[in-house]
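To keep things clear, I will list the structure first and then write my remarks on it.
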Amino acid sequence: MNGDPLLEVRDVYAGYLDFDILRGTNLVVHPGEIVCVIGPNGAGKSTVFRAVYGLLKVRKGQVLFNGEEITNLTPQQVLRSGIAIVPQLRSVFPQMTVYENLEMGMFVESNKARVRERIGVVLDLFPRLAERTTQQVHTMSGGEQRMLEIGRALLLEPKLLMMDEPSAGLAPSITRQIFDHVRRLNDEIGLTILMIEQNARQGLETSDRGYVLELGQNSFEGTGQELIENPEVRRAFLGGR
Ligand SMILES: Nc1ncnc2c1ncn2[C@@H]1O[C@H](COP(=O)(O)OP(=O)(O)OP(=O)(O)O)[C@@H](O)[C@H]1O
Ligand SMILES: [Mg+2]
């Protein structure tokens with residue numbers, strides 16, 4: 001692979017109360033890659049994200065970003081180090097406009113000119129949002145709300161974007177659009193992306209590499225194509241023979 005990893009999750013143990021959900025989870029994302037994590041419900045996929053993001057204590061193992069240890073930093077510190085997250089559940093403010101939501105995404109920035117500049121860059125990336133800056137978010141479609149979440153995550157110019165099930169709850173045609181955006185962001189601004197997908201086939205097709213997570217451990221890894229062609233992965237996760 002091309003050089004040092006951007007993100008490395010190394011033999012991580014983490015969980016809830018005193019029960020470990022993750023038991024030796026490993027994951028690597030190289031600069032410029034799109035990486036997809038698939039696996040059954042309850043496997044611990046979102047738990048990996050929480051552990052990386054400082055929302056859950058890592059009891060054993062390490063998280064490295066850009067060559068530096070970020071294990072058990074606070075979410076604010078992780079954000080500042082260059083990782084943005086789009087969580088599994090909707091995180092927009094429904095009663096606010098598109099523009100106000102974007103401003104909220106930059107509340108840590110006090111330089112108003114910088115805020116306007118970054119919002120401008122994001123609106124250029126998502127023309128659908130640019131047409132709707134004054135629209136209240138609860139009146140927008142699910143796909144548009146998802147785009148807003150992704151756009152808002154890009155405001156602080158992250159090096160890595162982590163998305164937990166970007167296609168969840170979206171119709172197939174909208175899902176395709178979201179994956180097109182993922183590819184386009186990777187192509188056009190060189191964004192490195194780690195995503196979890198329950199839509200396994202499309203998620204893997206969109207990605208350079210993938211991981212299958214089961215019971216808090218990696219069970220398979222490979223290029224997107226290798227996983228799609230793996231008979232066991234097909235049988236268990238892709239509805240294939
Ligand atoms: N706050 C919590 N307290 C206790 N247990 C939790 C908590 N959050 C998650 N769990 C448990 O941890 C396990 C892994 O959950 P996680 O959300 O990581 O799964 P997932 O792979 O993301 O699943 P899904 O595909 O349904 O989103 C599940 O058994 C879940 O019930
Ligand atoms: Mg989840």
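The values are calculated or read from the model by the stated rules, or taken from the named source; none is laboratory data. Treat the numbers as computed from the prediction; the structure is a model and nothing was measured. Here Cβ is always computed from backbone atoms with ideal geometry, including for glycine, and neighbour counts include all displayed protein chains. Protein only, heavy atoms only, side chains kept; ligands, DNA and RNA dropped before computing areas. Shrake-Rupley method; radii C 1.70, N 1.55, O 1.52, S 1.80 Å.
Points to keep in mind about this one:
- Our Cα-only numbers for the chain put the radius of gyration and Dmax at 17.6, 56 Å.
- Gaussian network model of the chain, springs between alpha carbon atoms under 10 Å - residue of Arg152, Arg50, Arg80 with greatest fluctuation: Arg80
- Shown are Ser207, Ser110, Ser81, whose ranking by accessible area with a 1.4 Å probe and every protein chain present, most to least, is Ser110, Ser81, Ser207.
- Calculated log₁₀ intensity ratio I(q)/I(0) where the Debye formula runs over C-alpha points of segment 94-157, q = 0.13 Å⁻¹: -0.28
- Solvent-accessible heavy-atom area per residue, rounded to whole Å², over the chain at 1.4 Å: 47
- Taking 7 Å steps out from each Cα toward its Cβ at Gln62 and Ala113 produces label points 4.2 nm apart.
- For Met96 and Gln76, the difference between the fully extended length at 0.36 nm per residue and the C-alpha to C-alpha distance is 4.9 nm.
- Of all accessible heavy-atom area on segment 94-157, the percent that carbon and sulfur account for (1.4 Å): 51
- Percent antiparallel among DSSP beta bridges (both partners in the chain, rounded to 5): 55
- Pairwise centroid distance, computed over Cα atoms, of segment 127-157 with segment 173-231, Å: 22
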